[in-house]
Amino acid sequence: MQYSQKSFENLKKSLKNREEFLPFDFLGRSLSYNPYMPRALIEDFKRDGKIAKKCFALPAFGYDNLAFAASLNSEVIRVDFSSLYEDNILGADAFDCLTQLRRYSEKIIIHNDIFLNQYQVLESCIYGSDCVVFDAGILAKELSKMCEFATRLGLVPIVKISSLRDIKMAIFARAQILYIAQDFSNLIASIPNSKIVLCDLSAEVSELDEKNSYGVDMFFVSV
């Protein structure tokens, strides 16, 4: 997904406001009494047999939709904030749904966002996520540092890729889970067998089988 210039401008304004209100050092100190430390393991995303797993993906939600999110029949939930920046300058309270979902369910939470710096990763951990999705095309040379920082916090980094160049950056960053964000089926053959592969489930696929699960460990299903 290509983000607009407006999305990046709003994101940077949002980050500036949040960092001025609660600087990185103060945010980091709150980790000492954080009740929601990350729980996910890399193995949680690896398929058990010949059929890929499913992960439901939904946009950021309000408290009214918490029961729906918690009831979804999936061990893993991806919550997406990336589309919100087109029309909004987000405050820290925008991520409350991560904490709500963590408090009221046992689901592994993937935080999908436009990550630019370590402050966002620290926020994600404190709000209760278990995994973060980094876009290799956006972070480029910073990808390794971001993956290392996320891992230090106990988060599982997932690297979004859309080209062979992205795969090389993800491998250099020692990422174990790669997310093919679009229908780049030709990329699967270039990913080492040791890596875990996530993909978006095509709307044309009604049921998973061995054929359409080939090379994929988990599919994201939009709801």
Rounded to the nearest whole number, the Stokes-Einstein translational diffusion coefficient of the chain at 37 °C and 0.692 mPa s (Kirkwood radius, C-alpha pairs) in µm²/s is 184
Relative intensity, log₁₀ I(q)/I(0), of the range 158-223 from a Debye sum that treats every alpha carbon as a point, q = 0.13, 0.29 Å⁻¹: -0.33, -1.43
Relative contact order for the range 70-223, counting Cα pairs under 8 Å that sit 6 or more residues apart, in percent: 15
Let me know the charge dipole size of the range 83-185 about its Cα centre in debye, to the nearest 20, where only the beta-carbon of Lys, Arg (+1) and Asp, Glu (-1) is charged. 500
Please compute the contact order of the range 1-102 in relative form: average sequence separation of alpha-carbon pairs under 8 Å and at least six residues apart, divided by the residue count, as a percent. 42
Below 8 Å, C-alpha to C-alpha, sequence gap of six or more: please give me the relative contact order for the range 174-214 in percent. 44
Computed FRET efficiency, Cβ-Cβ of residue 31 and residue 172, R0 22 Å: what is it to the nearest 0.05? 0.20
Amide proton proximity set for residue 56, modelled H, under 5 Å, gap of 5+: 76, 78, 221
Calculated FRET value between residue 68 and residue 12, using beta carbons and R₀ = 22 Å, to 0.05: 0.10
Which entries in 50/195; 168/195; 46/141; 50/211; 54/160; 141/168 show an alpha-carbon gap greater than 19 Å? 46/141
Could you calculate the contour length gain from residue 195 to residue 83, that is, 0.36 nm times the residue separation minus the distance between their Cα atoms, to one decimal place in nm? 37.6 nm
Given 0.36 nm per residue, what is the gain on full extension from residue 209 to residue 19 after removing their alpha carbon distance, in nm? 63.8 nm
Which order do the peptides 198-206, 139-147, 60-68, 25-33 come out in when sorted by mean C-beta neighbours inside 10 angstrom, highest first? 139-147, 198-206, 60-68, 25-33
Which peptide among 96-102, 125-131, 217-223 comes first, and what is the full order, when sorted by highest mean count of other Cβ atoms within 10 Å? 125-131, 96-102, 217-223
Provide, as a two-decimal number, the C-alpha radius of gyration of the range 1-49 over 2.2 N^0.38 Å, N being how many residues it has. 1.78
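We did not get these values from a lab; they are worked out from the coordinates using the rules stated. These numbers come from a predicted model, not from an experiment. Cβ sites come from the backbone with ideal geometry, for glycine too, and all protein chains shown count toward neighbours.
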